Structure formats: structure tokens, C-alpha cells
Amino acid sequence: MVWHATVGKSIYLHERVKVHFEMSAFNIFNHPNWGNPRTNITSAPGVITSVVGRNDLDNIGPRQLRAGLRLEW
């Protein structure tokens, strides 16, 4: 299981102008998601040789932190 979290704060500078600050963390606990063990009984059965979710679409790699500042008017 992978945990993500986001914290944000909006500060109004004027009636229509605000600044929004945001911090996001992906894979907070930095836990690898192990693949299934080998099932071939002739070559090292039960050995886990891969980590799943390591492509560009999943974003389940090592822990990542991101911060952003946005001005809205």
C-alpha cells in the first residue's frame, strides 16, 4: 500500500487576490511494493526479484516531495 498526502493553505491578500501554498508527498513511508515471487521450481523458487509500479504512469517510486506557490486573481 502506498500513502500520499497533501497540505495546503490559502491566504487572501485582497478581495480577489490570494496566494495558495501547497506541499505534497508521494510514497510517504518510502515502502517498496514487492512483486510476486518466482513460481518456476527449477530456478530459485520463491525469490522476489522485482518491484511493481516502477513506470512513469504509477508514480510509486521512491519518496517524492513537491511544493508549490500559486497567485490567483
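What follows is calculated from the coordinates using simple rules that are stated; it is not laboratory data. Not measured: the values here are computed from a predicted model. Ideal geometry is used to build each Cβ from the backbone, glycine not excepted, and the neighbour counts take in all protein chains shown.
For this structure, a couple of remarks:
- Net charge contributed by nearby residues that have their C-beta within less than 15 Å of Leu69 (K/R +1, D/E -1): +2
- Other residues whose C-beta falls under 14 angstrom from the C-beta of Val17 contribute a net charge of +1, scoring Lys and Arg +1 and Asp and Glu -1.
- Debye equation applied to the C-alpha atoms of the chain, log10 I(q)/I(0) at 0.11, 0.18, 0.19 Å⁻¹: -0.48, -0.80, -0.83
- Rounded to the nearest 0.05, the FRET efficiency derived from the C-beta distance between Leu69 and Phe29 at R0 = 25 Å is 0.40.
- Charged-residue dipole, Cβ positions (Lys, Arg, Asp, Glu), the chain about Cα centre, Debye nearest 20: 100
- Among Ile11, Ile28, Ile41, the residue with the largest mean-square fluctuation in a Gaussian network model of the chain, with springs joining Cα atoms closer than 10 Å, is Ile41.
- Mean-square fluctuations from a GNM of the chain, with a 10 angstrom spring cutoff on Cα atoms, peak among Gly35, Gly46, Gly61 at Gly46.
- Relative contact order of the chain, taken over Cα pairs closer than 8 Å and 6 or more residues apart, is 37 percent.
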